[in-house]
Each structure stands twice: as C-alpha cells, then as structure tokens.
Amino acid sequence: MNVWYLIILCGFLTFLIRFIPMSGVINFQGSTLYTKVINLIPIVVLTPIIIQALMFDKSGEIINSISFEIACGVLAVLISILFKNVMITIVLTMMFFLILTNIPFFNG
C-alpha cells in the first residue's frame, strides 16, 4: 500500500511542477534548461518504481530467473525507444504479455 501512496504523491508533485508555471497563477517564463529538466521528471520518478516491480518479488528478494515480467519490461523499453509513442508501447507490450502468460516456459 505504501507504493501507491508514493505513486500518487509523485504524480501530484509532477502535475504541480508542470501546471503552476503554465496556468498563469504565477508569471513564469521557463528557459530551455527548465523545459529539459521538466521533461525528465516522469522518467526519474517512474524508473525506480518500475525497476522495483520487475526485479524484486513480493518478499523483497531479487528475482534471479527470467520471468515474463522482465521480458515484457525489456520489450517495453525497446518499443518505447523505437516508436517514441506511449500508446504503441502499451498496446504492443500488453499483447506480448498476454502471449507470454500462455507459454508454459514462463509460467513455471
């Protein structure tokens, strides 16, 4: 449950950092460096959450075998680099996930 609080808090902070300067609440003109930093925030926030979910089991031990979650995570990274489109990444990764869940090798 603590992970959900962290996800919600990080999402809220990311939203505020982006919303306040663009809303007109304050008079702010961002530099190109500011824009580059703002674009990195989702990557910085989500990477540790995703890595923790892919690399550790429920007891906190490091997963030392290939699982379909890790395979899908690697595929998602490759698809996102190739297409640079969130919807394509989600759809293709979910299709790959559904296929892998039905292969006995990955189910144990």
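Only the coordinates and a few stated rules stand behind these numbers; no lab work does. For clarity, every value in this text was computed on a predicted model and none was experimentally measured. So basically every Cβ, Gly included, is an ideal-geometry build from the backbone, and we count neighbours across all protein chains shown.
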Plugging the Cβ-Cβ distance of residue 18 and residue 49 into 1/(1 + (r/R0)^6) at R0 = 22 Å yields, to the nearest 0.05, a FRET efficiency of 0.75
What helix-only [θ] at 222 nm does the chain give? Using -39500 (n - 2.57) per DSSP H run of at least 4, over all residues, to the nearest 500, the answer is -25500 deg cm²/dmol
For region 45-108, shape from the Cα gyration tensor axes a ≥ b ≥ c, cut at a/c of 1.5 then a/b versus b/c, turns out oblate
Ranked on Cβ counts within 10 Å of their own Cβ, fewest leading, 93, 101, 32 go 32, 101, 93
Region 1-40 and region 54-108 have their Cα centres apart by a whole-number Å value of 28
Gyration tensor on Cα atoms of region 1-61, a ≥ b ≥ c root eigenvalues, a/c under 1.5 rounded, else prolate if a/b beats b/c, else oblate, says oblate
Rounded to the nearest 10 degrees, the helix 32-55 long axis (Cα) sits at an angle to the longest Cα principal axis of the chain of 30
Among [x] 1.36; [y] 1.15; [z] 1.65, the entry matching Cα Rg over 2.2 N^0.38 Å as calculated here is [x]
So, relative contact order of region 1-104 in percent, Cα under 8 Å, 6 or more apart, is 15
Per the rule of 0.36 nm per residue minus the C-alpha distance, extending residue 71 to residue 29 adds in nm 10.9 nm
Proxy exposure order for 59, 80 (fewest C-beta within 10 Å first) is 59, 80
Neighbour-count ranking for 97, 68, 12 (other C-beta within 10 angstrom, fewest to most) reads 12, 97, 68
